[in-house]
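One structure is given here, and the rest of the page talks about it.
Every read-out reported here was derived from the displayed coordinates using simple, explicitly stated rules and does not represent laboratory data. Since this is a predicted model, take the numbers as computed values, not measurements. Methodologically, a virtual Cβ is constructed for each residue, glycine included, from the backbone with ideal geometry; neighbour enumeration extends over all protein chains shown.
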Amino acid sequence: MTPNAVDVIKAKRDGGRLTDEQIDWVVAGYTAGAVAEEQMAALAMAILLRGMDAAETARWTQAMIDSGDRLVLSTGGRPLVDKHSTGGVGDKITLPLAPLVAACGAAVPQLSGRGLGHTGGTLDKLEAIPGWRAELTDEQIRAQLAEVGAVVCATTPRLAPADRKLYALRDVTATVESLPLIASSIMSKKIAEGADALVLDVKVGSGAFMKTPEQARELATAMLDIAAAHGLRCAALITDMSVPLGRAVGNALEVAEAVEVLRGGGPPDVVELTVRLAREMLALVGLGPPHGPDPAEVLASGAAEPVWRAMIAAQGGDPDAALPEARTVEPLLAERDGVLAGWDAYPVGVAAWLLGAGRARKEDAVDAAAGIRLLVGIGEPVVAGQPLLELHTDRPHSLPAARAALAGGPRLAPEGAPTPGRPPLVLAALGSATQP
Ligand code: URA
C-alpha cells in the first residue's frame, strides 16, 4: 500500500519508527510538491520531538541524496577529501586549509553555504575578494580540481534539492534544532558531493550551534553513523567555540588573516586548528606523515600560498587586489586596569553581525568590510583607556547596538588574578586516523 502523508505524520507523532518505504515516499513526494508544506512542517516537528534512530536517519539521508544527482568529481588523480565545520565566530579555517591540503597532495572539493545569523559563511568571506565568484558548473569544479587541487564554491542546484527545500521550511517552523535533521542535512550534501573522505569539525561553546560537549558529541556520532552507513571514510573533531578563532571576525578581515596564515604567520590558534584538520584529512586518504608531507611544515614554509592564489584566480578573483575597508573604525576601550581573562565568542559574533558582517534573512546582503578586530590576547595585561578591539562598519547607526552587544565580550579580571588562558582547541577526536 502506498504510504500517505497523514499516516506518516501520525506514526512519528506517536513515537513510532518510520519504515524505509515511508521515508523514501515522503522525501520524494515533498521534493516533487506532492507532500504539502504544512504536512512536512508537521512531520519535521514530530521528528524534532520524537527523534529518529540511526537507521532511520541513514535512510532519510539517502532519500535526500536521491532527490538530486551525485556529483562525480573524481579525476582519477589525487584522492578527494573535504571538511565540514558546523560554524563559529571567526571560523575562517577553510581558507588556509583547502590550499594547504591541496599543497600536500590531495584534492579538496568544498561546496559551501552562505552564513545566516552570527556565524559567517565561507562564501561570504571569499566574496570579499574583488572579482571572485562562487557559482561554478560541475564541469568547472572538475577542471579546477584537476588543475589547482582545491575549489571552494556554492552548492550546485541538483545537489540534494530536498535539503534546500526542507532547510528553508525548518528555518521558519522552529525545527532547525532536530539533531537527526541537522545530521542528515549536512551529510546528504557531503555524500552527494562525491568526496572519498570527510573530516567534521563540530564546534561547541557560546559561539556555536551546539552549546554543550554532550550535544556536540551526539551530533558528531550521528554524522559518523551516517558516514559509516554510506561507506564514506570520516573522522570528527570536537573543537572549542567559546572563544572566537583568531583575531579577526568579519569577511574581508578574515580573508586578510587567512592570507597571513598562508604566508607562515597568523594567530597561533588558527594555525593549530588548520594543521590539525589537515593532518586528519590527509590521514584519511593515506597521504599524511610519515609517508607524506607534514602540513605544519608546508604551512610554515608558505608553500600553500601559491595554491591559494591559483584557487582565487581560477574563480575570477584577484589575489593581489586591496580588500574592502570600512569607512568607520572605532575602538572599544578598557574601562579599568586588569588582565584580559577571555573573549566570549557569542557577543563578539553578534556585534560583528550587527555591524553588517552577517545577515538576518537569507536574501540580505552582507558588508564585506564590516566586523571586529580583537587587539588584545587572552592573558595580556590592559590599562584603563586602552583599545581592546576595533569595530569596523559602513553602517555607523549600528555602532550603539554593537557596543551594547559587546558588554560581555571581553572579560577583564583584576590585575594579578590567575587567568586560565585560552581553552584547549581540540576537545575530542572521534574516528580519528591520527589518534591511537
Ligand atoms: N547546516 C546544514 O547544512 N544543515 C542544518 O540542518 C544545519 C546546519
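Below is a table of values for the structure above.
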{"quantity": "Tensor-based shape of the range 284-335 (alpha-carbon gyration tensor, a/c under 1.5 rounded, otherwise prolate or oblate)", "calculated": "oblate"}
{"quantity": "Filter on K125/K362; K83/K125; K165/K362; K10/K189; K165/K211; K83/K189 - keep pairs with C-alpha separation over 20 Å", "calculated": "K10/K189; K165/K211"}
{"quantity": "Two-site FRET efficiency, D7 against Q215, from Cβ-Cβ distance with R₀ of 35 Å, rounded to 0.05", "calculated": "0.65"}
{"quantity": "Where labels lie 7 Å past Cα in the beta-carbon direction, separation of V72 and A384 in nm", "calculated": "7.1 nm"}
{"quantity": "Chymotrypsin sites (Phe, Trp or Tyr not before Pro) restricted to the range 1-73 and DSSP loop, no more than 12 other C-beta within 10 Å", "calculated": "none"}
{"quantity": "Integer Hz, Karplus 6.51/-1.76/1.60 couplings in order for the range 379-387, x for Gly and Pro", "calculated": "x, 7, x, 9, 10, 3, x, 6, x"}
{"quantity": "Distance between modelled label sites at A313 and A146, nm, 7 Å Cα→Cβ extension", "calculated": "2.0 nm"}
{"quantity": "Packing-based exposure ordering (other Cβ within 10 Å, fewest first) of H84, H230, H392, H291", "calculated": "H291, H230, H84, H392"}
{"quantity": "Amide proton proximity set for S112, modelled H, under 5 Å, gap of 5+", "calculated": "C153, A154, T155"}
{"quantity": "Whole-number D in µm²/s for the range 309-436 (Stokes-Einstein; Kirkwood sum over Cα pairs; 4 °C, 1.567 mPa s)", "calculated": "76 µm²/s"}
{"quantity": "For peptides 307-313, 1-7, 369-375, 330-336, sequence by mean Cβ density within 10 Å, most packed first", "calculated": "369-375, 307-313, 330-336, 1-7"}
{"quantity": "Local electrostatic count at A208 - Lys and Arg +1, Asp and Glu -1, tallied over other residues with Cβ under 14 Å", "calculated": "-4"}
{"quantity": "Alpha-carbon centroids, the range 370-436 and the range 172-192: separation in whole Å", "calculated": "30 Å"}
{"quantity": "Residues D20 and E330, FRET efficiency given R0 of 51 Å [Cβ-Cβ distance, rounded to 0.05]", "calculated": "0.35"}
{"quantity": "CD proxy at 222 nm, helix term only [per DSSP H run n ≥ 4: -39500 (n - 2.57); per residue of the chain; nearest 500]", "calculated": "-12500 deg cm²/dmol"}
{"quantity": "The range 4-38 residues near the modelled A55 label - backbone nitrogen below 16 Å, point 7 Å along Cα→Cβ", "calculated": "16-24"}
{"quantity": "Of G316, G416, G88, the one that fluctuates the most in a GNM where the chain has Cα springs shorter than 10 Å", "calculated": "G416"}
{"quantity": "Calculated FRET value between D394 and A300, using beta carbons and R₀ = 41 Å, to 0.05", "calculated": "0.70"}
{"quantity": "Gyration tensor verdict on the chain (Cα atoms; rounded if a/c is under 1.5, prolate if a/b is larger than b/c, oblate otherwise)", "calculated": "prolate"}
{"quantity": "Whether the range 5-51 is rounded, prolate or oblate, judged on the alpha carbon gyration tensor where a/c under 1.5 counts as rounded", "calculated": "oblate"}
{"quantity": "Approximate spin-label separation E363-E135, in nm, with each point projected 7 Å along Cα-to-Cβ", "calculated": "1.6 nm"}
{"quantity": "Beta bridges per DSSP with both ends in the chain, % antiparallel, nearest 5", "calculated": "50 percent"}
{"quantity": "Extension gain, D320 back to A34 (0.36 nm per residue minus Cα-Cα distance, nm)", "calculated": "97.9 nm"}
